[in-house]
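Chemist: The following block contains the structure, expressed as structure tokens.
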Amino acid sequence: MTYAAITMSSAVNAFMWMLDFTNPIIQWTSVGTVIGRACVASGVTALAALDFGPRACEQMRRCARTFATKGSSERLKADAAKFAALVGMKVACEAYAYWKALTSFSPCSQSLELCAWYGVAFLGHAAFIALATTQINEDGSFTEEIPAETRKLIVAFNLGLAALCAATSAFAARGFGGASAACGVVFFAAALFFTFEHTIVPIVKKAIVRGDASNASSA
């Protein structure tokens, strides 16, 4: 229900900005500022529905399996409780960010509003990754170490997305339509990659392997 509400709020936000192309909410708003904000709102809608929601639900199910298994040690249960608390913190950041992005609509031109608020969700994700040095495995029977390099990369990616949200809104609020649109488009592309990375990465790897194999055979 939480993620249904989050997805709905961001979808409404995106729809409002799509309407701005035909019935401008702010009369002097340029097309670029509308494109930037619409791209951010559309990107976070896809993330909420296809990445944030399913991922958080699976993480909580893993913790639940740990407590449901009679043979789980007290140490494992403590790790599962800590991990569940961190997931809860991440979800709370998402819910707050998406709600503020939808409800902080006025005044549009005087502050870092709308899509800038979505950055709070990614700051929450960055904090989650920084604090979660281990995660619960799929069947909830043991913990898995998350490599430090992997965590640093994910934290940097989330901070970058937060910065793009803030930059899109900041440029729009100051009337720099081109810069706002550029930041929004980059965010949208990154959001789509983040959403479909489990599909995109294997395809790219297969293409690379096939390319290497064909080069080897031709040589």
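The values are calculated or read from the model by the stated rules, or taken from the named source; none is laboratory data. The structure presented is a predicted model; accordingly, all values stated were derived computationally and were not measured. Neighbour counts are summed over all protein chains in view; Cβ atoms, including those assigned to glycine, are modelled from backbone coordinates with ideal geometry.
Chemist: Can you name the residue in region 149-168 that is free of Cβ contacts under 8 Å to residues at least 40 places away in the same chain and of a type in the set (S, T, N, Q) and is also farthest from Val185 (Cα to Cα) among such residues?
Modeler: Thr150
Chemist: Of all residues in region 112-162, how many are out of contact with any Leu (no Cβ under 8 Å at 6 or more places or on another chain) and either under 30 Å from Ile35 (Cα atoms) or modelled with pLDDT of 95 or more (or both)?
Modeler: Within region 112-162, residues that are out of contact with any Leu (no Cβ under 8 Å at 6 or more places or on another chain) and either under 30 Å from Ile35 (Cα atoms) or modelled with pLDDT of 95 or more (or both) number 19.
Chemist: Here is a further query. Can you tell me which of Gly124, Gly140 is of a type in the set (Gly, Ala, Ser) and at positive phi?
Modeler: Gly140
Chemist: Is it true that Ser109 is under 19 Å from Ser180 (Cβ atoms), among the polar types (S, T, N, Q), at pLDDT below 90 and over 24 Å from the mean Cα position of the chain (by Cα)?
Modeler: yes
Chemist: When region 24-54 is examined, which residues are found to be at pLDDT 90 or above and among the hydroxyl-bearing types (Ser, Thr, Tyr)?
Modeler: Scanning region 24-54 gives Ser42, Thr45.
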